[in-house]
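The structure under discussion appears below in the form of C-alpha cells.
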C-alpha cells in the first residue's frame, strides 16, 4: 500500500476488529513486534485468543508492554473453531478481520477492506489463499477474511471442524449459503481456481470434515470466558498510565481510585503560561464533564501548580522545545486511553461554553461518533463577537469546530499536510454532526490579546501564506461586531457521514 493510502487510513475510524489465535508464543510475539505501529491505527481493536502455553505470562507481558494497542484478550482451552467463535462474540467493531495466517498478513488489506465493505452490502473479502486438496476436492483456504460483524453473526461457524486450516473455508461456505458475495480485489483474478464452497453439496462437506458428527451453529457455542484484558474497560489503566508518565517532567494522579471508575465524558485541556485562565477554566469545566485531564507545556509561571479542580483526574507537565500542538494533543489522547470513558472533548484555556448553549450531557445519546461545536471570537467586549472575515470560513462570524468524539479506543490525530498547527483536534470525522453547543473564544478579546497571539503564531508557524491569510484578521482595526445574545442556534443537529 502506498504511504498516502496508509495516511488516509490513519485519519479514519477503521471500525475493524482483528481476531488472532496464535499457535505458538513466537508467532504472536513476532507479529506484534513487527507490526506494532500498524496495530495502533485508529478504530482497530485486536482480539486475542490466548492458548494455554507454558510461556503464557511472557506473551501477556508483551501485550501489556504494547499498551497503546486496543487489546481484548481471553484465554482459550477449546478447539480452534470454538475459540474463534468465542473471539467473534467479543468483537465490537463494524467489520471483523479473521487472520488465519498472521505471518502473511499485509496491512494494505485494511485499506482495501475498509473501502470495499463500506461501499458494498452483503459481501466479504478474502486475502491470500492456499490451495488444499482433501478427498479429491480443491479448497481455497484463506489467510485473512473480512466481513461485517452482523453478517458473520448470522453465518454458521462450525465448532467441530478438526482441521484448523479449513475453519475459515467453512465460514466462507456459510457466508455464501447466506447469499453474501465475495469481492475480488484488483490484485487477484476474478476466478479463484478452486471449487466455491457453495458448489459443494452439504452431505459431501459433512462427509469430508465431519465423518462422525454435525455442523454446530455459532449460537450453540459457549459464552466467552472472562476477559484478561479489555481496552474498552481500560484494563490495568493505573499500571499502564504510571509507566507512561515516566517520560514526563512532572505528573500527578489526583485520586488513585480514579482508574477504577467509568466516565461518561472527559475533557482534555492543554496549557502554557495560563496562570490567569487556568483556575477559571477548570472551575467552568466542572459543570460540563465527569473528569478533566490537563497537559502543561512546561509553563514558566505557576499554571501547573494552580491547576486544581474537584474534577481533575490527572495533570502532567512535559518538557517544551517549541510549540507543538499536534504532539500535545496526541499525548492527551494517550493519557485519556488509560480511563474507561464513553465521550471525549477538547477545550483550550481561553475558551468557555456559552451559558445558553452548553448542554454537553444531552449529546451523549446521539447516534454519531464525532460532534462539531459552534465557535465565535469575542472582540472588544465579553458580550460581542466579530462577524466579518475575508478568508476564514464562517457564517456571519460563527465557525464550526470539530471538538467531541466517541471513545473508539486509543487513537491519534493525523492532520493533512503534516500540519503542526490549525488542524481538526479530533482523530477522525466519520459519522459526524454539528450540534447546538457554542464556544466563546476569549483569546481575541482585547487588542493586546490579539497582538500577542499574532506574534506567537508568526513566530511558531513557518508557512508564509499563513501569515498573510490565517493571522491577518488579528491585526484588523475596523471590524463588524454583533451581540452574542443575538446568536440563535437550532435544536436540530446537522449530520454527515
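The values are calculated or read from the model by the stated rules, or taken from the named source; none is laboratory data. Since the model is a prediction, treat every value here as computed from it, not as a measurement. Counting neighbours? That spans all protein chains shown, and the Cβs are built from the backbone with ideal geometry, glycine included.
Here are the numbers for this structure:
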| read-out | value |
| --- | --- |
| Qualifying residue in region 321-335 (condition: assigned to a loop (DSSP other than H, G, I, E, B), touching a strand residue (DSSP E or B) at 6+ places or on another chain (Cβ under 8 Å) and farther than 22 Å from residue 427 by Cβ) | no |
| Meets criteria (crowded, with 20+ Cβ neighbours inside 10 Å, more than 23 Å from residue 336 (Cβ to Cβ) and assigned by TED's automatic domain parsing to the domain that holds residue 478) for residue 385 | yes |
| Residue satisfying all of: in region 257-276; in a loop (DSSP other than H, G, I, E, B) and within 26 Å of the chain's Cα centre (by Cα); farthest from residue 305 (Cα to Cα) among these | 261 |
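Here is a yes/no grid of residues against (1) in the same structural domain as residue 305 (by TED's automatic domain parsing); (2) at positive phi; (3) modelled with pLDDT under 70:
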| position | (1), (2), (3) |
| --- | --- |
| 166 | no, no, no |
| 176 | no, no, no |
| 212 | no, no, yes |
| 234 | no, yes, no |
